[in-house]
Amino acid sequence: MDVSFRLRQTRRLTTAVALTLAVGTVGFHLILDEPWFQAFYRSVVTATLAGLDTVPSSNGARALSIALVVAGLTIIAYTGAVIVEIIAGGVLTGVLAERRRERTIEHLRDHFIICGYGRVGRRVAEEFRLSGESYVVLDFHEDAVSAAKEHGDLLIEGNATEDEDLRRAGIERAKGLVAAADSDADNLYIALSARSVRPDMPIVARASDEDAEKKLKLAGADRVVLPYAAAGRTMANLVLKPHVTAFLDAVTTATGPDLHMAEIEVPANCVHAGRTIRDIRVRHETGAIIIALRKRDGTFDTTPEPDVRIDPGDVLVGVGTAEELRLLEDLFAGSGTVGS
């Protein structure tokens, strides 16, 4: 039931209580000639079934006491019915579930925030679910909220353009943010707000055209995706290079059958830092293949040779099965225990 109905129920209860006490106070004052406060006190203890202060001295006062007892019973019964209805209707359980979600979000670390849960946002969430990544959905539209609850997503019902709602989603502890709202203006505000709070956090935003793309990058987005342009490019490649496109789709989608891609940043304490790919024997130790290398200065080596040196801060792009990529991550995790 909606909030307005609950408000009407509350008003009815408040009016009934006030009217009962007012009638009782005036009645006892006139019948028993008691002071106003004494008459009010007698009305309260009678209507709440706490007992009679003293036995009324006249039949009129006794009749009024009986009427107040009946009114009090009616009010208590109605209050009980409302409470049962609230529990049965899920209002109370909904509040408790919301609080549990907020506590879960408060303990999240290295998660992603999806701002906007339309078609693009839901697809992003699906990839995160299949990849086993933690994420929080931030949206306030009714259809988006319903969809997020249906999938069991962690949800903050709020506006991603508001700093306070971003903080409720745990932006200080987040690993990255996706601005997937349908409006370019909203995504622009989201990028500005998120960048002001987290200058170091990766932000990926959606844009409808190239003009919006430029503004989003100025606002702080690291990468901007144009869904229509991306869809057109994919459709063209499916016709021109179907096998290449099918391969890339297989390795970049979480639902791919065997091969996957992963990016691994080399930490400063990695024992293999400063060594070449040949010296590390990556393929022999893990079975995975390094197909690209991003150096600390931002340059990409798309066909790294075996004699290329791996330095701290470099990002490796590897291809392999899930197990091979796990071994590759372990190899560059700092311990260097794989194969030893």
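Here are a few things to note about the model shown:
- Counting DSSP beta bridges with both ends in the chain, the antiparallel % (nearest 5): 45
- Accessible surface, 1.4 Å probe, highest first, among residues 69, 55, 271, 45: 55, 271, 69, 45
- Cα gyration tensor, the stretch 175-277 - rounded (a/c under 1.5), prolate or oblate: oblate
- The chain: most fluctuating residue of 65, 183, 57 per GNM, C-alpha cutoff 10 Å: 57
- When restricted to Cα atoms, the chain yields an Rg and a Dmax of 32.7, 109 Å, respectively.
- Nearest 10 degrees, 0 to 90: helix 36-47 Cα axis against the chain principal axis: 70
- Gain on full stretching of the segment that runs from residue 209 to residue 73 - 0.36 nm per residue minus C-alpha separation: 42.4 nm
- Heavy-atom accessible surface of the chain: percent carbon and sulfur, 1.4 Å: 59
- Translational diffusion coefficient (Stokes-Einstein; Kirkwood radius from C-alpha pairs) of the stretch 116-162 at 37 °C, 0.692 mPa s, in µm²/s: 310
- Per residue, the accessible area of the chain comes to 57 Å² when a 1.4 Å probe rolls over the protein heavy atoms.
- For the chain, the relative contact order works out to 9 percent when only alpha carbon pairs closer than 8 Å and six or more residues apart are counted.
- Long-range HN-HN contacts of residue 292 with modeled amide H, under 5 Å: 317
- Between 134, 43, 58, the residue with the greatest mean-square fluctuation in the GNM of the chain (Cα pairs under 10 Å linked by springs) is 58.
The values are calculated or read from the model by the stated rules, or taken from the named source; none is laboratory data. Since this is a predicted model, take the numbers as computed values, not measurements. These accessible areas exclude ligands, DNA and RNA; they are computed on the full protein's heavy atoms, side chains included. Shrake-Rupley method; radii C 1.70, N 1.55, O 1.52, S 1.80 Å.
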